[in-house]
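A short worksheet on the structure shown next.
The values are calculated or read from the model by the stated rules, or taken from the named source; none is laboratory data. What you see is a predicted model, and the numbers here were worked out from it, not measured in a lab. For neighbour counting, all protein chains shown are included, and Cβ atoms are generated from backbone atoms with ideal geometry for every residue, glycine included. Keep in mind that these areas ignore ligands, DNA and RNA; they rest on the heavy atoms of the full protein, side chains included. Shrake-Rupley method; radii C 1.70, N 1.55, O 1.52, S 1.80 Å.
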Amino acid sequence: MSERINTGIEHGVKWEIDMSKFDPIVISVKNIKTGKKENRVYNCIYKPICGYDILDIQNIEKILDDLIIKYADDNYGK
């Protein structure tokens, strides 16, 4: 199920979006330098049948962006 887990590193923050259970989706971030981390669980507004609704995707991206800004070590977004 690794294809259902997206990962990346931005602005000193390692992030992961775990969609392996389809719903809920777990969004995790961790500052690489400090080790501070946070997880958020997102429950889809619309049940994913053939894929995720665009509103759910936008909400997930917003949560991830906000968490990256919160934990960035380079004043990103401030």
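Per-structure values
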| item | result |
| --- | --- |
| The chain - percent of accessible surface contributed by carbon and sulfur, probe 1.4 Å | 52 |
| For the chain, average projected area of the Cα convex hull in nm² | 5.2 |
| Calculated [θ] (222 nm, deg cm²/dmol) that DSSP helices of n ≥ 4 give over the chain, each run adding -39,500 (n - 2.57) | -8000 deg cm²/dmol |
| Inter-label distance, nm, simple model (7 Å from Cα along the C-beta direction), residue 5/residue 58 | 3.0 |
| Simple spin-label estimate for residue 23 and residue 36 in nanometres, 7 Å along Cα-Cβ | 3.3 |
| Helix axis angle, 54-71 relative to the chain longest principal axis, alpha carbon, degrees | 20 |
| Inter-label distance, nm, simple model (7 Å from Cα along the C-beta direction), residue 49/residue 65 | 2.9 |
| About the Cα centre, charge dipole magnitude for the chain (Lys/Arg +1, Asp/Glu -1 at Cβ), debye | 300 |
| Whole-number percent relative contact order across the chain, with pairs defined as alpha carbons under 8 Å at least 6 apart | 28 |
